[in-house]
Amino acid sequence: MSTPAKRFGNRFLYKYSAAIVALAIVVNAIQWLTIYLAFGNELGPIFSWDHANRLLGVAASLVGVAAVWVAALVLIGNRFMKPLEQLSQSMRAACKGEIGNKVHIESEDEFGQLARSYNQMVDLIVYLVHQTHESSRRLSMSASEILSATEQQASGAAEQAASISETTATMEELAATYRQIADNANQVVSMAEATLGSAESGQQALMNSLDAMEEIKAHSQSSASRILTLGERSQQIGQVLTIINNIADQTKILALNAAIEAARAGEAGKGFSVVAAEIRKLAESVVDSTAEISTIMTEIQGAANDLVIATEQELTQVQGGVDLAHTTGESLEHIFEMIERTTIAAKEISAATQQQKSATDQVVRAMREVAAVAQQTAAGGRQVASTAEQLAAIATESSQVGSAFSVVE
Amino acid sequence: MTEHQKVITPVIEAEEILQRRAETLARNIEDSSTAERTTLMVFRVGEFWYAVRTEDVREIIQNLAVAPIPCVPEFVRGVLNVRGEIVSVTDGAVFLGSTAGSLGRDSVAVVLENAECQTAFVVDEVGGIIEVPTTGVEPPLPVTGHAEPDLLVATVFLGDRLVSLLNVDRILRPVSTVAQ
């Protein structure tokens with residue numbers, strides 16, 4: 001449609017007018033030909049040079065009539081085509097993005113119907129464009145929200161992953177600690193068992209020493225009683241000594257008396273006085289001996305008393321030793337109890353620690369699962385983020401599409 | 001008891017005693033044969049040693065069962081039955097001016113006598129009968145002689161010990177006075 005002729009030919013009005021003109025010319029030509037065939041003879045004279053002026057006039061008037069007709073046709077055609085032109089303009093504007101130009105045609109004919117339908121359609125499209133705008137706006141908002149939420153989720157997931165790794169490390173440390181605790185508890189158990197053995201041997205030794213002490217006690221008691229008997233016996237000796245002393249004293253007196261008698265007898269008693277002196281000396285030596293014996297007896301008695309006292313002290317000490325040994329035995333019993341309790345407690349600790357260890361292992365496994373889930377969540381978050389970005393792109397696209405139309409109110 | 005003695009006194013000691021005894025016996029016989037001798041009985045009253053001539057001593061008695069009698073001087077403690085004979089008891093301690101002791105079963109009395117009377121002279125300890133040369137009997141020391149010139153008639157030195165020889169007549173004089 002570059003050339004004007006082609007543009008002209010493309011116009012419906014002109015095509016229609018040209019067709020009608022051509023049709024009128026053909027019909028008139030046929031009419032005229034029929035008239036000429038029927039009335040050629042009669043018309044012959046008319047179409048002569050004589051009548052040339054008149055014929056020319058007729059032709060001129062015919063041409064004039066034709067021109068007026070054409071002009072009328074064009075005017076009418078233009079008038080009929082005007083609403084269509086308006087519609088077409090509006091459509092062209094819509095195609096350029098300027099939508100919403102309504103067509104005002106008040107007629108009831110096909111053009112009017114078309115215009116009303118077109119107006120309705122425009123309204124619909126405007127509504128659609130609005131909706132698209134709104135939707136894309138909301139879509140972009142939602143996408144950005146999703147994006148931010150996903151970012152938050154991603155950072156949360158990262159934190160969660162860090163926390164999980166920390167927790168896992170802590171739990172592993174805990175597990176190591178539990179292992180140590182369990183080892184220590186086992187060591188405690190073995191030590192307690194060793195202590196139990198030592199305590200048992202100590203108890204055995206204590207029993208032995210108790211027996212030995214009882215034996216010592218019995219020995220001491222028997223020796224004490226023997227010593228006491230010895231003391232009593234020596235007292236008896238002392239009594240006998242007293243008797244001997246008395247006898248010696250009396251002998252001494254007797255000897256003295258004998259000496260006196262001898263002296264009174266004078267020369268005759270000389271020899272007797274010697275005998276009396278001898279008897280006296282013997283008595284004195286007996287007294288000396290008894291004194292010596294009594295000294296020795298006293299010493300023996302003192303020694304015996306010392307011995308008895310020493311034995312009593314010994315007995316007391318042995319009793320003290322026995323008491324001490326009993327106390328030690330009680331202490332050992334106590335130690336046994338404590339060791340047993342310790343063993344039980346250590347075993348309980350060990351068992352509890354084992355449980356804790358397995359629990360911790362479970363926690364570690366759970367934590368690893370949680371970490372995997374968190375990684376999956378992070379991956380999902382990334383997917384969601386990319387999807388949200390795509391959504392945002394779509395929203396941008398749709399908003400671009402929407403903004404391609406400028407709505408004219 | 002004999003066992004104990006055996007244990008306490010060793011055989012050597014016993015032998016030594018016997019040896020000493022033999023020596024003493026030998027010497028005594030030697031001494032008596034050389035000089036004129038007199039026999040004295042030595043006893044102790046308080047812290048002093050006294051002696052009387054054996055001629056004046058009848059006997060020595062123990063286990064004094066003294067019956068107190070009233071209205072007598074302080075030195076007369078009572079009377080005593082010596083084998084059926086009543087004898088007065090003179091407290092030597094009081095008589096010789098030392099602290100009076102108590103009479104008991106252990107007390108010893110020397111029965112002194114002269115022609116007139118006799119008394120049981122209570123002493124603290126009887127030393128024994130000694131023989132001394134007559135030269136050994138000396139007059140009393142002036143210091144002691146002044147107090148009782150009649151009582152202490154002589155002094156005898158026995159080793160380092162001074163023994164005062166008592167006059168039995170002087171002792172018996174107040175006793176006889178009391179008795180009369």
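Some notes on this structure:
- Filter result for the condition that a residue is surrounded by 13 or more Cβ atoms within 10 Å (Cβ to Cβ), more than 10 Å from every other protein chain (Cβ to nearest Cβ) and either out of contact with any Phe, Trp or Tyr (no Cβ under 6 Å at 6 or more places or on another chain) or at pLDDT 85 or above (or both), over A:V274, A:V286: A:V286
- Residues in segment A:217-237 that are within 11 Å of another protein chain (Cβ to nearest Cβ) and either under 60 Å from the mean Cα position of the chain (by Cα) or crowded, with 17+ Cβ neighbours inside 10 Å (or both): A:S234, A:I237.
- When restricted to residues that are part of a loop (DSSP other than H, G, I, E, B) and either of a type in the set (V, I, T) or loosely packed, with under 12 Cβ neighbours inside 10 Å (or both), segment A:98-124 contains 7.
- When B:G127 is tested against (1) modelled with pLDDT under 85; (2) within 16 Å of B:Y50 (Cα to Cα); (3) exposed (fewer than 15 other Cβ atoms within 10 Å of the Cβ), exactly one condition is not met: (3).
- Residue selected from segment A:356-386 under the condition free of Cβ contacts under 8 Å to residues at least 40 places away in the same chain and not aliphatic (A, V, I, L, M), by the criterion farthest from A:E151 (Cα to Cα): A:S358
- Residue count for segment B:69-89, restricted to those that are polar (S, T, N, Q) and assigned to a loop (DSSP other than H, G, I, E, B): 0.
The values are calculated or read from the model by the stated rules, or taken from the named source; none is laboratory data. Predicted model only: the values in this text are computed from it and were never measured. Don't worry about glycine lacking a Cβ; one is built from the backbone with ideal geometry, like all the others, and counts go over all protein chains shown.
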